[in-house]
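> Let me begin by handing over the structure; questions about it come next.
The values are calculated or read from the model by the stated rules, or taken from the named source; none is laboratory data. Fair warning: this is a prediction, and the values are worked out from it, not measured in the lab. Here the Cβ positions follow ideal geometry from the backbone for every residue, glycine too, while neighbour counts run over all protein chains shown. Each accessible area value is taken on the protein alone, full model and side chains, heavy atoms only, with ligands, DNA and RNA left out. Shrake-Rupley method; radii C 1.70, N 1.55, O 1.52, S 1.80 Å.
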Amino acid sequence: MSDRFTKGMARNIYYGGSAFFVLLFLALTFHTTRELPQRDHRENLTEAVANGKLIWEENNCIGCHTLLGEGAYYAPELGNVFYRRGGEDSFKAFFQGWMKAQPLNIPGRRQMPQFNLSDQEIDDLAEFLEWTSKIEVNDWPPNQEG
């Protein structure tokens, strides 16, 4: 091998590396599109879940909360709130009460605003949070309280 690094060598490294990473990107894209339907359970999407996501977006919940690791870290992670607060048995009742009780006005604690959502909107938001909690996310969040 020569003691010099030639333009041809640099070009070959550039093109070879580019081709490698383009192929890697395509392989990972294919893998993701094949795996996602098994992980996100899109067969369980309902109109209530879609309405809940719309409510989530319209009220900018992600401006304070994280959902599956995405969003602001001001308020708790809500990716597993369904299981943390009762699951199938009592989550909806808990969530109705929690949303209606806001703000709690506890000194020294961050306050969640009152959004004045209807019972149906709160139920739809609960459906959305239930659906997100059932997505396979490789044990995220790493602890029970998010």
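> Could you give the size of the charge dipole of the stretch 1-100 about its Cα centre, using +1 on the Cβ of each K and R and -1 on the Cβ of each D and E, expressed in debye and rounded to the nearest 20?
It comes to approximately 400 debye.
> What residue among Phe94, Phe30, Phe82 shows peak mean-square fluctuation when the chain is described by a Gaussian network model with Cα springs under 10 Å?
In the Gaussian network model the winner is Phe30.
> Same structure, new question: Which of Gln96, Gln111, Gln120 moves most in a GNM of the chain, Cα contacts under 10 Å?
Between Gln96, Gln111, Gln120, it is Gln111 that shows the largest mean-square fluctuation.
> Turning to a different aspect of this structure: Per residue, how many Å² of accessible area does the stretch 1-106 show with a 1.4 Å probe?
I get 71 Å² per residue for this part.
> Given the chain, report the % of alpha carbon pairs whose separation exceeds 25 Å. Spell out each step's value before the answer.
Numbers: 4681 of 10585 pairs.
Considering the chain, 44 percent of its Cα-Cα pairs are separated by more than 25 Å.
> With Rg and the Kirkwood Rh both taken from Cα atoms, where does Rg over Rh land for the stretch 1-74?
Ratio of gyration radius to Kirkwood radius: 1.32.
> Still on this model: Quick one: if the Förster radius is 22 Å, what FRET efficiency do Ser118 and Glu43 give, using the C-beta to C-beta distance and rounding to 0.05?
After rounding, the FRET efficiency stands at 0.20.
> Same structure again: Which helices of the chain meet both criteria: a Cα extent of 20 Å or more along the helical axis and a mean Kyte-Doolittle score no lower than 0.0, with helices taken as whole DSSP H segments?
Once both thresholds are applied, what remains is 7-40.
> Under 12 Å from the Cα of Lys53, which aspartates and glutamates turn up, not counting those fewer than eight places away in the same chain?
Candidates past the 8-residue exclusion: Glu121, Asp123, Asp124, Glu127, Glu130.
> With 5 Å bins from zero, work out the P(r) of the stretch 35-88 over every alpha carbon pair and list the percent per bin.
With 5 Å bins starting at 0, P(r) equals 5, 17, 17, 30, 23, 9, 0.
> Using just the C-alpha positions of the stretch 1-40 as equal point scatterers, what log10 of I(q)/I(0) does the Debye formula give at each q in 0.25, 0.29, 0.31, 0.34 1/Å?
Values returned for q = 0.25, 0.29, 0.31, 0.34 Å⁻¹ are -0.80, -0.89, -0.93, -1.00.
> Using 0.36 nm times the number of residues separating Tyr14 and Gln96, minus their current alpha carbon distance, what extension gain do you get? Walk me through the intermediate numbers first.
On the way: separation 82, 0.36 × 82 = 29.52 nm, distance 5.75 nm.
Length gained, Tyr14 through Gln96: 23.8 nm.
> Ordering Val22, Val137, Val81 by accessible area with a probe of 1.4 Å, largest first, what comes out? Don't skip to the answer; put the middle values down first.
Values: Val22 85, Val137 45, Val81 10 Å².
The most accessible residue leads, giving Val22, Val137, Val81.
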